[in-house]
1. Roughly what percent of Cα-Cα pairs across the chain reach past 22 Å?
2. What percent does the relative contact order of the chain come to when contacts are Cα pairs within less than 8 Å and at least six residues apart?
3. Taking the Cβ of each residue in Glu93, Glu56 as the centre, tally the other Cβ atoms inside 10 Å and list the residues starting with the fewest.
4. Hey, what do the phi angles of segment 110-127 turn into as Karplus ³J(HN,Hα) couplings, whole Hz, using 6.51/-1.76/1.60 and θ = phi - 60°, x for Gly and Pro?
5. Hey, what angle do you get for helix 51-66 against the long axis of the chain, alpha-carbon based, 0 to 90 degrees rounded to 10?
6. Based on the Cβ-Cβ distance from Asn134 to Leu87, what FRET efficiency comes out when R0 is 41 Å, to the nearest 0.05?
7. Only counting other Cβ atoms within 10 Å, I'd like Asp48, Asp25, Asp107 sorted with the fewest neighbours first.
8. Give a quick list of trypsin sites (Lys or Arg not before Pro) in segment 51-98 that DSSP marks as loop, anything other than H, G, I, E or B, with at most 15 other Cβ atoms within 10 Å.
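Values quoted throughout were computed directly from the atomic coordinates according to the rules given, and no laboratory measurement underlies them. Note that the structure is predicted; figures quoted are calculated from it, not measured. Every residue, glycine as well, gets a Cβ built from its backbone with ideal geometry; the counts of neighbours run over all protein chains shown.
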Amino acid sequence: MAKEYDPRMHSAEHILNQTMVRMFDRGRSFSAHVEKKKSKCDYRFERDLTPGERQEIEHRVNGVIAADLPVREEFMPREEAGRTFNLSRLPEEAGETIRIIRIGDYDACPCSGEHVGRSGEIGGFRIISTAYDNGVLRIRFRLQE
Ligand SMILES: [Zn+2]
């Protein structure tokens, strides 16, 4: 695990991904660099976001944070998990029992990482910038201290 790993950032990444799925239905990020100070997530997309869309994403993510939802882990057999979730990004060593992280009823995602106990611990979410290149939308974000 990276030295700069931050559970707040990682939980924020899950909320951002679910927000992107709900707003655009293009799937979760296919690549992410999550670090304490700032993070970036890459999405398959066909254009950059508009300022209004960036604002809407911030608004929704901050709404989930403000709701202070419980973050819970749950375990299920790989076969069962595979019916509901895309397991392709899980490492092979995840084994036959899959861990699902649920953020209230907003998001559920297979994950082996460390998370906050409640979404309110994340603090404020802000998009630093977005960029588009060759089918990839990159969102850079940070959290308030
Ligand atoms: Zn995760």
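1. Working: 3874 of 10440 pairs.
Taking all Cα-Cα pairs of the chain, the fraction more than 22 Å apart is 37 percent.
2. Rounded, it is 31 percent for the chain.
3. Ranking Glu93, Glu56 by Cβ neighbours within 10 Å, fewest first, gives Glu93, Glu56.
4. Result, ordered by residue: x, 6, 10, x, 8, 10, 6, x, 9, 5, x, 5, 5, x, x, 10, 9, 7 Hz.
5. It works out to around 40 degrees.
6. FRET efficiency, Asn134 to Leu87: 0.90.
7. Result, fewest neighbours first: Asp25, Asp48, Asp107.
8. Arg89
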